[in-house]
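> My questions all concern the structure below.
Every number here is computed from the coordinates shown, using simple stated rules; none is lab data. Just so it is clear, the structure is predicted and the values come from calculations on it, not from any experiment. Please note: Cβ atoms are built from the backbone with ideal geometry, for glycine as well, and neighbour counts cover all protein chains shown.
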Amino acid sequence: MKQFFTLLGVVWTVACWALAPSGIAAEGTGNRAWLQSTTISGAVADEDGNPLVGATVQAFNTQQNRVVAGGYTDADGRFSIQLASTADVVIRISYVGYRTEEVALSQGVSALEVQLQLDAAGLDEVLVVGYTTAYKRDITGSVATVRGADIENLPVNTLENALQGRMAGVQITQGSGKLGQGITIRVRGAASVSASSQPLYVIDGIIVTTDGRESITGEATNPIAELNPNDVESVQVLKDASAAAIYGSRASNGVVIITTKRGKAGKTQANIGYFYAFQSPAAKNREFLNADEYVQFFTQANGGVEVFSRDAFLPGRNFETNWQDEVLQNSNAYQVDFNVSGGTDKTQVYFSAQYLDQEGILVGNAFNRISARLSFDHKANDWIKFGITSALSRTRNQRVQDDNAFSSPMQAVALSPLTPRFFPTDEDPALRQAYIDAGIVNPSGQIYIDPIAGYYNYFNELSDGFQNASVIRNLTTAYAEFSLIPWLTYRATMGADVRFQTEEIWKSRYTLDGAPTTTFPLGGLSYSSYDRAVNITTNHTVNFARQFGQHTVSALVGFEYQDFQATFNSVTGENLGDPSFVYVSSATDFTGGSSGPSDYSFVSYFSQANYKYKDRYLLTVSARVDGSSRFGTSSRYGFFPAASVGWVLSEEEFLQGLSAVSFLKLRASYGVTGNAEIGNLARFGLVSQVQYRDQAAFTPGSIQPDDYQWETSTTFEVGIDWGLFDNRISGVVAWYDRQTTDLLLSVNVPADLTTGPLTTLRNIGSLQNRGIEIEITSNNLIGAFKWSTTLNFASNRNQILDLQGQILTAGRDAANRAIEGQPIGSFFLPLYAGVDPSNGDALFVAGYNADGTPILTDDFFDAPRFLAGDPNPDFTGGVINNFSFKGFDLSVFFQFSYGNEIYNGAGRFMTSNGWFADNQTREQLSEAWTTPGQITNVPRLDWNSNNGARASSRYIYDGSYLRLKTLTFGYTLPQQVVERLKVRSIRVYFSGQNLLTFTDYPGWDPEVSSLGQVNIGQGQDFYTAPQIRSAAFGVNIGL
Amino acid sequence: MLDVTPPDARLLDEAFSTPDLVEGQLIGAYANLQAVGSFGTNAKFAPDLYVSSGSVPGGGITTNDSIAIAGYYLVWNGTFNSYSEMNGQDMAPDNADALNNWTANYAIINRANLILDNLAAVTDAAQATRISAEARFLRAVAHFELVRTYGHPYSAPGANPSSDLGIIIATAPPPDGTSGIFSAPPRPRNVVADVYAQVIADLIFARDNLDEYNDAGGLEQAFRANSLTASAMLARVYLLQGDYDAAGEEAQNVIESGVFTLLDDPIDAFLTPNSAEAIWEVQNNATDNSGTNNSGLATFYNSAGNGGRGDARVSWFFPSAAGYESGDKRLSTTTGGFFYVSGTSTYCQKWNNPQSNYNIIRLAEMYLIRAECTLRGWGGSTATADEDINAIRTRANATPITGATINDVLLERLRELCFEGEEFYTMKRVGGDSYLRPGAPANTIDGVPIIDRRLLFAIPFRELELNPGLVQN
C-alpha cells in the first residue's frame, strides 16, 4: 500500500520540476473615451485563437457601478451590444475557466478582438456562496468547487459518485455497490456524535429534502439520486464557518450548493449524448473453499472424522457451486442525454432530458432514471428579472435486502459449495419429491434452504419476489429580482421540493418471509408503502453593493422560511396463495400497517456584509438567527455569527517586484454554526399505542429529555490562497479547528432504569475536528500538448473531547464507540493475541503487567475491551491529471484514503475456524494451527465450537486504498469533418470508473460502510457488496 | 410557524391521566411478554440450549447424519452466535441475548412499577387493587426469569442463596426523565434469596387479591393474571426453592379449582390457543406476535418445510433417553405427537405457529409438581403421586405406573414438558442430568458443574459499563 503513495509523491515532484514559467499575457488597456449611442461588436477567442462560444459580455459603468448592457458570444465567438453611452464604460468579458478581461473603450473603436487567458487558479470564477455570489479572488472563507464540465457523462448514477475525491476535505463514501443507496458525505469529519453529520444541500438557492425514506427492509435510499448530474453547472461546498455561517443552524456539517445549468443567449445549441457501459465488481473476489477443500476443512476441524462427505447433498452425486460467482455478475448500463440551450439577451431557456438504465453487479439489483428540466429566465426591463427552473424525474430501483438479512445477496457466500443451486432434474422423481416435501427444495427445483450450511438460498428472492422502489420528484425554483436602484436589489425565491416514493415488496410462498404458516397456509407476503414529502422554502433578500473610490461595500439582509411535511403509510398483506398473485389486494389478511405525518419547520433571519479596500483588504461579517420546531420554547432560537478577514498580499507594492508570485492571499475566519438534525419529535417524552390480544396497549416511545439547546460548532480557520508563475501553479493551504459543543448525544440508558427505551438525548460534551487541506493545480504543459495536474489532500483529526462519562456505542457487536480522547467511532473490542502454540487455542489480552507486557488468556470471558482501531482515515485525497493534444483528451483521476480501519463483522461466520458450517475463507485451511509448537495466527479448526470466532480485533483490517476512480479518454473530431456532417461537434470517448484498486484489505472492497450514514458505526463490513467498476463508451454530438 | 404537535402519541406526563389509560399501560406491560428476551423466545428457548452442547453418548459423529443425531436433547444447528454460545455453554458478556433478556425483563418490571406509582386516576378501589395485583404479578414473573437465568439456583448441591448474587431488585418507579436516570446511585445485585423473597411476596399479593377469573377485558382465562395464574407461578417458584410443601399446596390449588382440564391430546395444549389446559399464555395473532421470520420460537424450532429455519432440532437419541413407550401419543410423529419428521431430522411441534399463542404454564405441570412434592414428603395432596403421574400418562396412551419414584417423576416431566424451558432448571435443582443420561457425573449438566458461570447468562457488558454497582458472574 505504502509504495503507491510514495510513487504518487515522486510523480508529483517530477511534475513540479518540469514546469517552466512562460510569458505573461498582455492586457488590453486604453484611454477613456467619449462616444455617443453606438454599437460595440467584437470577437472572443481562447489563447489558441479558437472562438469561445457563449462567453458573457457585459458593459459596466464604473461610475454607476452597474452593468448597463450585456450579451453572449455566438457560435462564431462574436458579439454585438448596443450602448446608449460609452462614458465610463468598460467591456467585461468572462468565460468559465478563463480570466475575466476588462477592456476600456477607446475613442472610435467599435470592434474588439479579445483573447482570453486560461485562468488556472480560477480567481475570477464566480462562486455561489449562500445567498450571493462572489469572485473567488475575494473570498475569505473556505469553498471547494467542482465544475459541471468536469463531471459530465461519467458512468455513475448519482452526483455524489462523480464528486468523490475531487474536493479537499469532502469525504464521500458510497456504502456499497448496491444501486441507489444512501451515500455518506463528511465535510471535514463528523461534526456530531448523535445528530446527523450529512451536509445541507441547496439546489438553485433552495434547501432540498435530503432525509431518504428508509425502506422497510432495505437501507436508506439516496435523496438526490433524482438529480441528473449532467444538469449541474457547478458544485460548491462551503466548508468553514465564515462561508457556511450564512446557513446558521444548518451548516455545521458544511453546505453543498448545487447550481444547475441555465439558458445562454446566442444561437440555440443542442447536445446529444449516449454511452453504453460494461460493469463488473470493482474489487477482487474473496477466496472461499471449494467443494473438496470444504470437505477437508471440516474433517480437519472434527479431529479427522469426516463431517460432510463430498456427496453430502445427494448421496452418489458430487456438486460444486461457487456462490460468490452466482451472486455477482457482469452487467450493463446505458444513458441517453439531450439538452438544448439558447435565447436572446432578454430571454434564455434551457431544456434537458435524460434516461439512465443501469443493471447492478448484484443479481437482481437495477436502477433507472428518467428526468427532464426546463429553465427559463427573462429580463422584463432594466430593473426586473425573473425566472423559473423545474425538474421532474422518476427513478425506479429494484432493491436488494440490507446486509444483515439472511436474504441479503452477499450472504449467499455462506452457503456450502457442496450444495447445488438447483436440484438436478435427472434425479429420481420420488427423491426429488421427498426433498420438496421436506422444504429443502422448492417445486421449481431451486434449493430453498441449504441443508448443509443451514442457510436460505438468496435466489428465491429473485425467482419468487421483488422489492421495487419508485420515486417521482419535482424540484421547482422560481425567483424574481428587482434592481430598485442601481446598487440595491431585492430578490425573492420560492422553491418546492415534492417527492413521492412508493415501494412494493412481494415474497412468494417459496421464500423465507412468505413461507406458509399454520395461520396462513397459502403463504406469500406483500407490502406496499407510500411516502409523500413536501418541502416548501421561501427566501427574500435585499442586496446592497456599492463602490466608493477604493472602498467596495456590499451587504445583504434576508429572511427564510422552510416548511417540511411528510406523510407515510404502508400496508402488509399475507396469505396470497398462488405465486401469480403478488399485490396486497390479493391477500386474505392484512397483517401490518402504519401511517402518520412527520413535520418540521425553520424560520431564519440573516445578514451579511462585505468590505473591500484597495482590492487587498477584505472583511466579511455575517449573522443568522434560526428558529426550529425541533426545539422547546425555552431554546427555540439560536444565533450564529461569523467573521473573516483577508489580505491580498500580491496587490501590495512590496510584492510587486516578486514576479514569480502572481497571487497571494492570507485569510482567517471564525464563526459559529449549528446542527439541528435530530428527530422531529425528540424533545418530547412519548407514549404510543400498539395492540395486544386486540386490546389497546401503550408502549413507551421515548424518555423525556431535559430541555436541550442547539448543538453548536465553532470553527477557526487560517488559509493561504496562492498562485505562482502567472498562476501556472496555484492552490490553497488551509488549517482549521472546529470545536463542537453542547453535543446532542443519544446516550445509553441502563436497562434497569427504563420502561423500554434504551437511549435518550442529552445535551452535553464536545468534540473537535482539526486538520489541514491542500489543493494544488498546476498547468505543467501548455501549448498544443497540454498537461495539467490537480491534487487535493486533506488530513482531519477527529477527537472526542468530553462525554462526561456517557457511553455511546454503535455497529455490529457494538464494535464502534465514542471514547473521550479518541476519534469518533474508534473500535473498542477485546484484543486478539494470536494462537497458543501448544494447543492451537485462540488467545486474547486479559490485561497488562506493570512492565506493559500483555497477559494472555484463552478464556474470552476474561478479555476486556480495549481501544482496537480507528475507522477514520489519516488522510484522503485525489490526483487528477488532464492531458490534451489536438482533438484528444485524457483524464486520469486517482483517489485515495489512508489509515482507516475496517471491522469485518462477518468474519465471525466466514472466518470462524469451523464454528459454523458456513463456507469458510480459504486461508484458514493452510494457516490454521495443526501441530504443537506451530506459530500461526489462525487458531485450530474446531467444528461446532468457538475457537477465536469472537468479536475481537482479529477482524479489524487496514482499509487504506488507492483507486483509479475515473479514467476518461476522448477524441473530438476535427472541424472539417464535423462540418461535412452538418453538425457542430462530435466527441467520442471512453470513460471508466473504479478501474483499478490497490489495497491490502482482504475483503471485497475497502470502500465500505455497511451501516450507511452514521457517525459512530463507521468502517463496518458485513457481507457488504463491492463497488461497481464500469467501462463506458460514449459519443456526444453538438447541434 | 414553529409549533409541531406529536401525532398519534401521548405525552408521558398525561399517560396515566384516566383509568382507561392506566389499563392500557397494563396491557402494554403484558405485551412485553412477546419480546425475544421474554416469553417471545428466550424464556422458553435459552435454557434448553444449555442442556446439551451437542456431545453424543457413546460414539462419534457419522457422516451425513451429523446434524440430526448430535446430542441427546436439543440439537442446535443455527448460526445466531448468541444462541451458539449458549449451546456451547460459553456465553460472552457481549452476547446479544444476554442483553435482550436483561432489557426485556426490566422493561416489564419498570412498567409495572410505573403503574403501581401512577394509580391516582383509578378512583375505583377494587379496580386499583386488581391493577396493582396484576402489575405485581408481572413484576414477579420478570424478576423470577432474571434470577434463575443470571443467578445460581436457589436449591441445588453447592448453592448458597443467601450469598450467591442474583439480580437487581427493582420495586421503585424508574426515574422521571433523563436527569433522574443519570443521577441515580449504583444498583448492586441482590442475593438470590432476596430476589426469591420479593418474587414470592409479589405473587402472594397477586394470588390473594385477584379472582380466579380476571374479567377485565372479558377474555380468556389464560390471557391475564388471576389468582390461579399466581398460584401456578408460585408452585414453580417454590419447587425451585426446594419448598415442596408450599409448591404442592399451590399446585393443588390450581388443580382443585376445576377451572382447567387436561386435554385428550397432549399437543393440543400448544396447537389450540387458550385451551382448557392453558393457565397462562403469550397472546399472539397474525398481526401482533413475537416475530415470524428471523426470530421467534417458531422460526428456530420449525423445519424449512414448516415455515422455520430448522435451527433447533430434536436429537435422535432423545426418545430413547427420555424413555417414551412405543404407544405414547407424545412420541408419535404423525398424529398428535410432540414431534414431527422433516427430511432426515426430527423437530418439536410445540412451537409450530408464530402467529398463535405461546404457552407459558399449563395444567400438566401442576400435576407433575404435585406428584413430586408428594414423593418428597408433602402430605397434603388429595391424590397419590401415582394418580398424578398417571393422569398425564393415560391421556398419552402410556401404561400407568405404580409405585412411582422421584426419578419416574423427573422422567415424566422430561417426556411431558420437554422443550418448554424448564428442564435445565430441574437438572440444576436435582443435581445434574443423570436421570436423562444414566452414568453422567453427579452435579453436572452435560459435564459442566451445576454451580459454574458457564451455566449462567453473563451480566451484559453494556449494563456493567453503565452501572458500577454490578459485578460479573
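> Mind checking which of A:Pro597, A:Thr633, A:Ser607 is farthest towards the positive end of region A:595-649's charge dipole, using Cβ charges of +1 (Lys, Arg) and -1 (Asp, Glu) about the Cα centre?
Checked the options; the winner is A:Ser607.
> For A:Tyr355 and A:Leu995, FRET efficiency with R0 = 25 Å and r from the beta-carbon atoms, rounded to 0.05? Write out the running numbers ahead of the final one.
Values: r = 25 Å, r/R0 = 1.00.
Step by step, r from the Cβ atoms, then E = 0.50.
> Relative contact order, percent, of chain A when contacts are C-alpha pairs under 8 Å separated by at least 6 residues?
Values: 3015 pairs, mean separation 120.9, N = 1039.
For chain A, the relative contact order is 12 percent.
> Treat the count of other C-beta atoms within 10 Å as a stand-in for reagent exposure and order A:Ile1016, B:Ile406 from fewest to most. Mind showing how you got there, number by number?
Working: A:Ile1016 23, B:Ile406 14.
Listed from fewest to most nearby Cβ atoms, that is B:Ile406, A:Ile1016.
> Evaluate E = 1/(1 + (r/R0)^6) for A:Phe654 and A:Val67, where r is the Cβ-Cβ distance and R0 equals 41 Å; express this FRET efficiency to the nearest 0.05.
0.75
> Now a separate question. Roughly how many nanometres apart are two label points built 7 Å out from the Cα toward the Cβ at A:Thr268 and A:Asn332?
According to this spin-label approximation, the distance is 3.4 nm.
> To the nearest 10 degrees, how steep is helix A:291-301 against the longest Cα principal axis of chain A, on a 0 to 90 scale?
60 degrees
> Specify which residue in the list A:Phe79, A:Thr268, A:Tyr201 is farthest towards the positive end of the charge dipole of the protein assembly as shown, using unit charges on the beta carbon of Lys, Arg (+1) and Asp, Glu (-1), about the Cα centre.
Most positive-ward Cα: A:Phe79.
> Taking 0.36 nm per intervening residue step and subtracting the Cα-Cα distance, what contour gain separates A:Asp311 from A:Thr344 on full extension?
Working: separation 33, 0.36 × 33 = 11.88 nm, distance 7.73 nm.
Full extension from A:Asp311 to A:Thr344 adds 4.2 nm.
> To continue, here is another question. Test of understanding: express the Cα radius of gyration of the protein assembly as shown as a ratio to 2.2 N^0.38 Å, with N the residue count.
Ratio of Cα Rg to 2.2 N^0.38 Å: 1.03.
> Express in nm, to one decimal, how much length is gained between A:Ala45 and A:Asn849 on full extension, taking 0.36 nm for each residue of separation and deducting their alpha carbon distance. If you can, show how the numbers build up before the last one.
Numbers: separation 804, 0.36 × 804 = 289.44 nm, distance 7.51 nm.
Using 0.36 nm per residue and subtracting the Cα-Cα distance, I get 281.9 nm.
> Could you compute the net charge surrounding A:Ala815? Neighbours are other residues with a C-beta less than 14 Å from the C-beta of A:Ala815; K and R count +1, D and E count -1.
+2
> With θ set to phi - 60°, apply the Karplus curve 6.51 cos²θ - 1.76 cosθ + 1.60 along region A:151-158 and write out the HN-Hα couplings as whole Hz, x wherever there is a Gly or Pro.
10, 5, 6, 7, x, 10, 9, 8
> Another question, if that's okay. Please state the shape class of region B:177-221: rounded when a/c is under 1.5, otherwise prolate if a/b exceeds b/c and oblate if not, all from the C-alpha gyration tensor.
Cα axes put region B:177-221 in the oblate bin.
> Using the Cα centre as the reference, give the magnitude of the dipole from point charges on the C-beta atoms of chain A (Lys, Arg: +1; Asp, Glu: -1; all else neutral), rounded to the nearest 20 debye.
2980 debye
> Report the extension gain between A:Asp76 and A:Thr518 in nm, rounded to one decimal, defined as 0.36 nm multiplied by the number of residues separating them, less their alpha carbon distance.
Value of the extension gain: 151.4 nm.
> Taking the Cβ of each residue in B:Ile109, A:Ile172, A:Ile440 as the centre, tally the other Cβ atoms inside 10 Å and list the residues starting with the fewest.
Going from sparsest to densest Cβ surroundings: A:Ile172, A:Ile440, B:Ile109.
> Efficiency by 1/(1 + (r/R0)^6): what FRET value for B:Thr18 and A:Asn839, r their Cβ-Cβ distance, R0 = 56 Å, to the nearest 0.05?
Calculated value: 0.30.
> Which order results if A:Tyr848, A:Tyr527, B:Tyr301 are arranged by neighbouring Cβ count within 10 Å, fewest first? The partial results should precede the final answer.
Details: A:Tyr848 11, A:Tyr527 25, B:Tyr301 28.
By the 10 Å Cβ count, ascending: A:Tyr848, A:Tyr527, B:Tyr301.
> Next up: Measuring from a point 7 Å past the Cα of B:Asn118 along Cα-to-C-beta, which residues in region B:167-195 have an amide N at less than 20 Å?
Only B:170-184 pass the distance filter.
> All other residues with a Cβ under 14 Å from the Cβ of A:Pro516 taken together, and with Lys, Arg as +1 and Asp, Glu as -1, what is their net charge?
Neighbourhood net charge equals -4.
> With axes computed from alpha carbons, what is the tilt in degrees of helix A:2-17 against the longest principal axis of chain A, rounded to the nearest 10 within 0 to 90?
The helix A:2-17 is inclined about 10 degrees to chain A.
> Right, here's the next one. 7 Å from Cα along Cα→Cβ at both B:Ala184 and A:Lys886: what's the point-to-point distance in nm?
Result: 7.9 nm between the two label points.
> OK, next. Please enumerate, by chain and number, the lysines with C-alpha under 27 Å from the C-alpha of B:Lys350, excluding those fewer than 8 residues away in the same chain.
Qualifying lysines at Cα under 27 Å: A:Lys507, B:Lys44, B:Lys329, B:Lys428.
> A:Glu927 versus A:Val977, label points 7 Å from Cα toward the beta carbon: distance in nm?
5.2 nm
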